[in-house]
Amino acid sequence: MLGLKLATDPRWVNIAEKSIDEILTDHAYCEQKATSNCITLVVRYPEFEQMVDEVTAVAAEEWGHFRKVLKELKKRGYKLGRNRNDNYVVKLREFKIKGDSRLKGFIDELLIAAMIEARSCERFRLLSLHINDPELKKFYHEFMVSEAGHYTMFLDLAKLYIEHDYVKKRWEEFLIFEAELIQTIEYRGDRVH
């Protein structure tokens, strides 16, 4: 469904499980950053009214997710650790079209958001299937479903504002770039991306 060109090795879960406090911390910050990104889209591109309506709702949902992950951290006796740069997201942002039309820049922002949601969905699916902790299996299944909905929403919004063929072509470029990126960035078991 996601169309990612390179799947995460399921053994990532074994590494992640050994540092679940770090995964939960990173996950919390991913939700916080997703909230911030939604707010930024609304502030930068208010002329796209349907996007404003849909993304505003997602911003509230993402903040709720942050609170849910924070609660899970505390329940397990962990504290919210320090935020770290997400090199995956930084590199995706570098692939954004620069100096072209405002519309194409906006579309790239939507596609970047879709890509982040797709990769998160894929990783949460792996956790929901393979982690040993039954509570975390359910926890991550719920997040997987949510991320899948966000992924499709961002793609659908892109198709609403520009020709479908352009979105299809640009999305394919993002998929290829992202697969190469996954192969080149450091493979960490203590991070979602």
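The values are calculated or read from the model by the stated rules, or taken from the named source; none is laboratory data. In this text the structure is predicted, and so the values were computed from the model without any measurement. Cβ sites come from the backbone with ideal geometry, for glycine too, and all protein chains shown count toward neighbours.
Working carefully through the options Val43, Val13, find the one that is more than 14 Å from the chain's Cα centre (by Cα) and either closer than 16 Å to Phe124 by Cβ or among the charged types (D, E, K, R) (or both).
Testing whether each residue is more than 14 Å from the chain's Cα centre (by Cα) and either closer than 16 Å to Phe124 by Cβ or among the charged types (D, E, K, R) (or both) leaves just Val13.
Considering only residues of the stretch 153-166 that are without any contact (Cβ under 8 Å) to a residue 24 or more places away in the chain and under 22 Å from Ala57 (Cα atoms), which is surrounded by the fewest Cβ atoms within 10 Å (Cβ to Cβ)?
Asp156
Sort out which residues of the stretch 171-188 are among the polar types (S, T, N, Q) and either modelled with pLDDT of 95 or more or buried (at least 16 other Cβ atoms within 10 Å of the Cβ) (or both), and write them in order of number.
Selection gives nothing.
Going residue by residue through the stretch 68-82, is there one that turns out to be under 19 Å from Gly149 (Cα atoms) and crowded, with 19+ Cβ neighbours inside 10 Å?
Checked against the condition, which is being under 19 Å from Gly149 (Cα atoms) and crowded, with 19+ Cβ neighbours inside 10 Å, the stretch 68-82 yields at least one hit.
With the requirement that a residue be in a loop (DSSP other than H, G, I, E, B) and either closer than 26 Å to Ala59 by Cα or among the small types (Gly, Ala, Ser) (or both), what does the stretch 167-193 give you?
Listed by number, the residues that qualify are Gly189, Asp190, Arg191, Val192, His193.
All but one of (1) aliphatic (A, V, I, L, M); (2) modelled with pLDDT of 95 or more; (3) surrounded by fewer than 16 Cβ atoms within 10 Å (Cβ to Cβ); (4) closer than 21 Å to Leu181 by Cβ hold for Val43; which doesn't?
Failed condition: (4).
Regarding the stretch 51-72, can at least one residue be identified that is farther than 29 Å from Glu173 by Cβ, without any contact (Cβ under 8 Å) to a residue 12 or more places away in the chain and over 19 Å from the mean Cα position of the chain (by Cα)?
yes
Could you run through the stretch 78-93 and say how many residues are without any contact (Cβ under 8 Å) to a residue 24 or more places away in the chain and under 26 Å from Glu180 (Cβ atoms)?
Residues meeting the conditions: 3.
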